[in-house]
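Since the structure comes first, as structure tokens, the remarks are kept for the end.
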Amino acid sequence: MKVVELVEVTKVYELPRGSIKALDNVSASIEVGEFISVMGPSGSGKTTLLNIIGCLDMPTSGRVVIGGENINGLGDDQLTKIRRDKIGFVFQQFNLIPTLTALENIEYPMILKGLNGHEERGKELLRSVGLDEQLGENKPNELSGGEQQRVAVARALANDPDIILADEPTGNLDTKTSKDIMGLLKATNERGKTIIVVTHDPLVASYTKRTFKLVDGRVDRVGVFA
Ligand SMILES: Nc1ncnc2c1ncn2[C@@H]1O[C@H](COP(=O)(O)OP(=O)(O)OP(=O)(O)O)[C@@H](O)[C@H]1O
Ligand SMILES: [Mg+2]
């Protein structure tokens, strides 16, 4: 079953000095439970692609179907609901809320969704990413980069989304911590979740089963490159 379907997706950014085609007629189909990496040079459109799949951005043209739902033409409320319920995001710069503790950051998406038992589940998630309860009391700036990224992964898993999108999740981390984070994503994938990870790192790509290579906004090659 398909979880993501892109049909001739183009994204053009209009700037005063001209327009930039960040994605150029990209078609791709991703099955439930796949583990995919997206590689390609800086500026090739990787983040743009992830943001469109994550309903954070809309294509200029082309069709985007997420979990069987055509997202073209949906309003902000409907897109917000899809993001909240179906998608977990892990950002390169962690994007944790600085005024909340680690545990509160993990609980936050569950609170937005109105779930009960968010504190218990938050603590479970904290443990599942290898952090003890004590660290849950720390604010993001009192955590190492690797710990912050673990919190970000736990937060992405909070609402049990079907799709996890990770943009350079190990970009700022040392090799050992990168392997730990990829191990967490691998275990999540083995529980049936679809994962798409943008990376420059062949080590990260080696965890995935299929790699999309983007060049100048086009899918240059699809295959196993690692
Ligand atoms: N909001 C925006 N407004 C205008 N142009 C943008 C915007 N976002 C991205 N671009 C342009 O679109 C192209 C693709 O950008 P994108 O961020 O998707 O690249 P990337 O592959 O993620 O690069 P990197 O590896 O450096 O993160 C680039 O030329 C970039 O300058
Ligand atoms: Mg990027």
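FYI, it's all coordinate maths here, none of it is from the lab. Not measured: the values here are computed from a predicted model. Quick reminder, even Gly has a Cβ in these numbers, built from the backbone with ideal geometry, and neighbours come from all protein chains shown.
Picking from ASP85, ASP24, ASP77, which is most flexible by a Gaussian network model of the chain using Cα springs under 10 Å?
Result for the chain, Cα springs under 10 Å: ASP77 fluctuates most.
Which net charge results when you count Lys and Arg as +1 and Asp and Glu as -1 among the other residues whose beta-carbon is under 9 Å from that of LEU23?
Numbers: positive: LYS11, LYS21, ARG218; negative: ASP24.
Every neighbour counted, the sum reads +2.
Positive end of the charge dipole of the chain (Lys, Arg +1 and Asp, Glu -1 on Cβ, about the Cα centre): tell me which of ALA187, LEU214, GLY75 has its Cα farthest that way.
Farthest along the dipole direction, towards plus: LEU214.
For segment 191-197, take each phi angle, set θ = phi - 60°, evaluate the Karplus expression 6.51 cos²θ - 1.76 cosθ + 1.60, and give the result in whole Hz per residue in order, putting x for glycine and proline.
Using θ = phi - 60°, the values come out as 8, x, 7, 7, 10, 10, 10 Hz.
Can you count the Lys pairs in segment 118-226 whose Cα atoms are under 19 Å apart, with each pair 8 or more apart or on different chains?
On the way: LYS123/LYS139; LYS176/LYS186; LYS179/LYS193; LYS179/LYS209; LYS186/LYS209; LYS193/LYS209.
Final tally of qualifying lysine pairs is 6.
Once R0 is set to 45 Å, what does the formula 1/(1 + (r/R0)^6) return for the Cβ-Cβ distance between SER144 and ARG218, expressed as a FRET efficiency to the nearest 0.05? Could you put the intermediate results ahead of the total?
Numbers: r = 38 Å, r/R0 = 0.84.
Working from the Cβ atoms, E equals 0.75.
Report the per residue volume, in Å³, of the convex hull enclosing the C-alpha atoms of segment 108-170. If you can, show how the numbers build up before the last one.
Values: hull volume 5.9 nm³, N = 63.
Each residue corresponds to 93 Å³ of Cα convex hull volume.
When only Cα pairs under 8 Å and 6 or more residues apart are kept, what is the percent relative contact order across the chain? The partial results should precede the final answer.
Working: 445 pairs, mean separation 63.8, N = 226.
Dividing the mean separation by the residue count of the chain yields 28 percent.
Taking a virtual spin label 7 Å from the Cα of ILE20 along the C-beta vector, which residues in segment 75-101 bring their backbone nitrogen under 19 Å of it?
92-93
Take the Cα radius of gyration of the chain and divide it by 2.2 N^0.38 Å, with N its residue count; two decimals is plenty. Mind showing how you got there, number by number?
Working: Rg = 17.3 Å, N = 226, 2.2 N^0.38 = 17.3 Å.
Compared with the compact-globule rule of thumb, the chain sits at 1.00.
Could I get the Rg over Rh figure for segment 31-70? Both from C-alpha atoms, Rh via Kirkwood, rounded to two places. Spell out each step's value before the answer.
On the way: Rg = 11.4 Å, Rh = 11.6 Å.
Rounded to two decimals, Rg over Rh is 0.98.
Can you give me the angle between helix 175-190 and the longest principal axis of the chain, using Cα atoms only, in degrees from 0 to 90, rounded to the nearest 10?
80 degrees
Between VAL151, VAL64, VAL12, where does the largest GNM mean-square fluctuation fall for the chain, given springs only between Cα atoms within less than 10 Å?
Largest GNM mean-square fluctuation: VAL12.
Hey, what angle do you get for helix 145-157 against the long axis of the chain, alpha-carbon based, 0 to 90 degrees rounded to 10?
Roughly 80 degrees, rounded to the nearest 10.
Taking a point 7 angstrom from the Cα of LEU56 along the C-beta vector, which residues in segment 155-197 have backbone N less than 19 Å away?
What the label zone holds, given the 19 Å backbone N cut-off, is 155-173, 182, 185, 194-197.
Restricting to DSSP loop positions (anything but H, G, I, E, B) with no more than 14 other Cβ atoms inside 10 Å of their own Cβ, which trypsin sites (Lys or Arg not before Pro) remain in segment 1-106?
Numbers: sites: LYS2, LYS11, ARG17, LYS21, LYS46, ARG63, LYS81, ARG83, ARG84, LYS86; in loops: ARG17.
Filter output for segment 1-106: ARG17.
Among ILE97, SER128, THR47, which residue has its Cα furthest toward the positive end of the charge dipole of segment 1-160, with +1 on Lys/Arg Cβ and -1 on Asp/Glu Cβ?
Of the listed residues, the answer is THR47.
Where is the GNM fluctuation largest for the chain (alpha-carbon springs, 10 angstrom cutoff): LEU214, LEU143, LEU125?
Its mean-square fluctuation being the largest, the pick is LEU143.
Which distance in Å, rounded to a whole number, links the C-alpha centroids of segment 57-107 and segment 150-182?
15 Å
Checking the a/c ratio against 1.5 first, then a/b against b/c, what shape does the Cα gyration tensor give for segment 68-140?
Note, shape of segment 68-140 comes out prolate.
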